[in-house]
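Written out below as structure tokens is the structure these notes cover.
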Amino acid sequence: MSAHRFIYMLAGILLLLSCGSDNNAPIDDPGNTTNHYLQLQPNGLNAIKVSCTEENFVFPFQIKAVGNGSNQGGEAQINSWSEDELKAYNNKEKTSYVLLPSSLYSLTSTEVSFKEGISTMDVEVKFNPSKVFAEFREKTVEYVIALKLSSDKIQVRDSQSRILLSISFDYPTVGLAASAAEVSVNKDLIPVSIGATLDYTVDGVSTTNPWDFVCSFAVPSNAEELVAEYNKVYKTSYQLLPVSNYDLGEGVTFKAGENQANGEITIKREGMAVVNYLLPLQLGHCSNESIICRDEVCYLRVGRTYTNPIISDKSVPDPSVIRANDGYFYLYATQTKTYWMPVYRSKDLVNWEYQGTAFNKATEPDLPGGGAFWAPEIRFLNGKYVLYYSWAKMNGADISYTAVAVGDTPMGPFLDSKELIGNKEFGSNCIDQFYYEEDGKKYMFFGSFKGIYVTELEDDGLTVKLGHDGKPTLKKQVCGDAFEGTNIYKKGKYYYLFASIGSCCNGVNASYQVVVGRSENLLGPYVDKDGKDMLKNNWELVLEGDGQKWIGPGHNSIIIQDDEGTDWMIYHSYLKKDGGVGGRLGMLDRVLWTDDGWPYIRNCIPSNSELIPVFYN
């Protein structure tokens, strides 16, 4: 009896277990005897990709009755998610889906009725991809169709009652080809070419553009914020370019067969201040509704700028500049093989026109020694244009000296050339002269790698002032033998002596640099930041080559201050890419000043471009 009782008890336990929970039972197991419930297949997130040109798309899914009694009848409903339900999903899954408006899709049925003996019902989601794409194109958000299954009569499991259809499109896009560009506004109207590129992939294969279409240009609505952010990131101080200073034109036009095209905008100079402007630009509307314009931004850095070199048609070594009585600036340079001291003219220090040469056969000096016009220095004295120049010879230091001639106009003719600072009184290589006048006294600094000296001139500026003994009243050395090409500029309480060091004339092997020292007295001593004397070849760097583009910059002209108080330096430099064959080209750069009063060119190398000097007349 006890054995029979044990067998019945064991059978009862097994029967009880067979009627228990369905959590571990396979859904499609025919032997599953769990409670009756409904589920969606597939359930969860489904990513679908469609073409933006398609007119119809169908996504099928099923509602299945599962478990014990799955052949019994019943009703169920399919509804869209609420905004709160999608928000909860986005927060959990770290997504940013937006519900597609229900007007843009349909279901074959939202009410499902299971008849006895039927356990599977088919349902379809239908939509027009081109219409959904139009909505996407306008809002540019990630749309999703989110559906849920419910029933008052049949159990529905939460984990298998929801379906999401994430819609992505296989569509062409157009984007700007560049993220930034420099625009130099040196004319009234400056056309700017803006490139754009079409990316069109069909089934993973890059495809040639089959359409004619136009994309307009636009300035983003948050342009002010973009400029502020740009300045913050790059530590700049750009201003947003005013609307009056640009015309966005007709946009960029693509022709069938073209995946790249260019459009044009126009920058207008009128009313533009001499400051750094920024114009954020992006693509706007596209005439083809199947194409998306990407929202990337191209930043146009706009300014009334110039580009170095400012003179490139001829070699202009050792430039000297004067603002003449006719309102023009005149630039004189060392003689080349072809030109006897070329002369250029400009209104703004930027745009120079060749005028001719300071000397010709009729005015050729009848002087001994040297034989070439080097390192001119021009001044207007006593109603005349006085041209100081080095009458010099390469490797001929003992016969190279300073001469002077006088003319009635900036172009001369410069007549009556005569020796001014000669070898007999001042030693060898007394060239690279620089004139400075103060308190009614006229001084001439000079010297090239034999020491920099200063002497005093007579009131006419044409002769050295001599004492009763026939010797110069002043002959003082102010720098050591490392320097040449002296220029002196007074700012505040200091005199700044600019000079050049290194090799000037070796093409791409030139090592020229501009250096400086300062003094509270015109006649020195000139010292570096540590108080070390230039007499012992100490100095502070102002300008040097970058080794990439500019080689051997140096021998600057007098520092010129524009009408807004900005200081400017004109000098020469070789251009590396032409191997120096273009000679020493004319260069212009803004002189900056440290807080403790030392001059330098930005980064101590020539600039490629810069805001123009400001002259009101």
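Every read-out reported here was derived from the displayed coordinates using simple, explicitly stated rules and does not represent laboratory data. These numbers were taken from a predicted model, which means no experiment stands behind them. Reconstructed Cβ throughout: ideal geometry from the backbone, glycine too, with neighbour counts over all protein chains shown.
With contacts taken as Cα pairs under 8 Å at a separation of at least 6 residues, the range 173-303 carries a relative contact order of 39 percent. Of the residues A134, T53, Q155, the one whose Cα sits farthest toward the positive end of the charge dipole of the range 34-170, with +1 on the Cβ of Lys and Arg and -1 on the Cβ of Asp and Glu, is Q155. Applying 1/(1 + (r/R0)^6) with r as the Cβ-Cβ distance of T108 and E75 and R0 = 25 angstrom yields a FRET efficiency of 0.95.
Across the range 486-494, rounded Karplus estimates of 3J(HN,Hα) from the backbone phi angles (6.51 cos²θ - 1.76 cosθ + 1.60, θ = phi - 60°) give 5, 9, 10, 9, 9, 9, x, 8, 10 Hz, Gly and Pro being marked x. Database remark: amide H of F449 closer than 5 angstrom to the amide H of F483, E484 (H placed geometrically; neighbours at sequence offset of 5 or more, or on other chains; Pro and chain starts carry no H). Of the three principal axes defined by the Cα atoms of the range 287-330, the extents in descending order read 63, 25, 16 Å. Projecting label points 7 angstrom from Cα along Cα→Cβ for Y354 and K126 puts them 7.9 nm apart. Distance from the alpha carbon centroid of the range 500-546 to that of the range 104-147 works out to 79 angstrom. Shown in residue order for the range 609-615 are the 3J(HN,Hα) couplings computed by the Karplus curve 6.51 cos²θ - 1.76 cosθ + 1.60 at θ = phi - 60°: 8, 6, 4, 6, x, 10, 10 Hz (x for Gly and Pro).
Contact order, relative form, for the chain: 9 percent (alpha carbon pairs under 8 Å, 6 or more residues apart, mean separation divided by residue count). Spin-label model, K139/H285: points 7 Å from Cα along the beta carbon direction are separated by 2.1 nm. Sequence-ordered 3J(HN,Hα) estimates for the range 106-121 from the Karplus curve with 6.51, -1.76 and 1.60 and θ = phi - 60° stand at 9, 10, 4, 6, 9, 10, 10, 10, 8, 8, 4, x, 10, 10, 9, 10 Hz, glycine and proline given as x.
Compared with the dominant Cα axis of the chain, that is its longest principal axis, helix 2-18 is turned about 50°. Counting only DSSP beta bridges whose two residues both lie in the range 173-303, roughly 75 percent are antiparallel.
Among beta bridges identified by DSSP and lying wholly in the chain, the antiparallel ones come to about 85 percent. The alpha carbon centroids of the range 263-298 and the range 430-454 are separated by 54 Å. With a simple spin-label model that places each label point 7 Å from the Cα along the Cα-to-Cβ direction, the separation between K92 and L367 comes to 9.4 nm.
Rounded to the nearest 10 degrees, the inclination of helix 83-93 to the longest alpha-carbon principal axis of the chain is 70 degrees. Over the residues of the chain, the helix contribution to mean residue ellipticity at 222 nm works out to -2500 deg cm²/dmol, using -39500 (n - 2.57) for each DSSP H run of at least 4.
For the range 34-170, the number of Lys pairs with C-alpha atoms closer than 27 Å, counting only pairs eight or more positions apart or on separate chains, is 28.
For the range 533-606, the set of GluC sites (Glu not before Pro) satisfying both a DSSP loop assignment and a count of at most 11 other C-beta atoms within 10 Å is given as E564. Which one, [x] 19, 53, 26, 3; [y] 20, 49, 27, 4, 0; [z] 15, 31, 19, 15, 12, 6, 2, 0, gives P(r) over Cα pairs in 20 Å bins from 0, in percent as derived from the coordinates shown? It is the value labelled [z].
The slack between D152 and V581, meaning 0.36 nm per residue of separation minus the straight C-alpha distance, is 145.3 nm.
Taking amide hydrogens as placed 1.01 Å from N in the peptide plane, the amide H of N506 sits under 5 Å from those of S511, each at least 5 positions away in sequence or on another chain. Size estimate for the range 418-523 follows the Kirkwood approach: the inverse of mean 1/r over distinct Cα pairs works out to 14.5 Å. What residues of the range 401-435 lie in the reach of a label at Q477, counting those whose backbone N is under 16 Å from a point 7 Å from the Cα along Cα→Cβ? Hits in the range 401-435 for Q477 at 16 Å: 425-431.
Were the residues from Q260 through T409 laid out at 0.36 nm apart, the gain over their Cα-Cα distance would be 48.1 nm.
Extension gain, S168 to Q548, is 132.0 nm, computed as 0.36 nm per intervening residue step minus the present C-alpha separation. Computed from the C-beta positions of A178 and D596 and an R0 of 41 Å, the FRET efficiency is 0.55 to the nearest 0.05. Among the trypsin sites (Lys or Arg not before Pro) within the range 70-135, those in coil by DSSP and having at most 12 neighbouring Cβ atoms inside 10 Å are K94, K115. Please give the helix 223-234 orientation as an angle from the longest Cα principal axis of the chain, in degrees from 0 to 90, rounded to the nearest 10. Helix 223-234 and the main axis of the chain meet at about 70 degrees. The H on the amide N of L240, modeled in the peptide plane, is under 5 Å from the matching H of L278, each at least 5 residues off or on a different chain. For GluC sites (Glu not before Pro), the sites in the range 105-160 that DSSP calls loop and that have at most 16 other Cβ atoms within 10 Å are E116.
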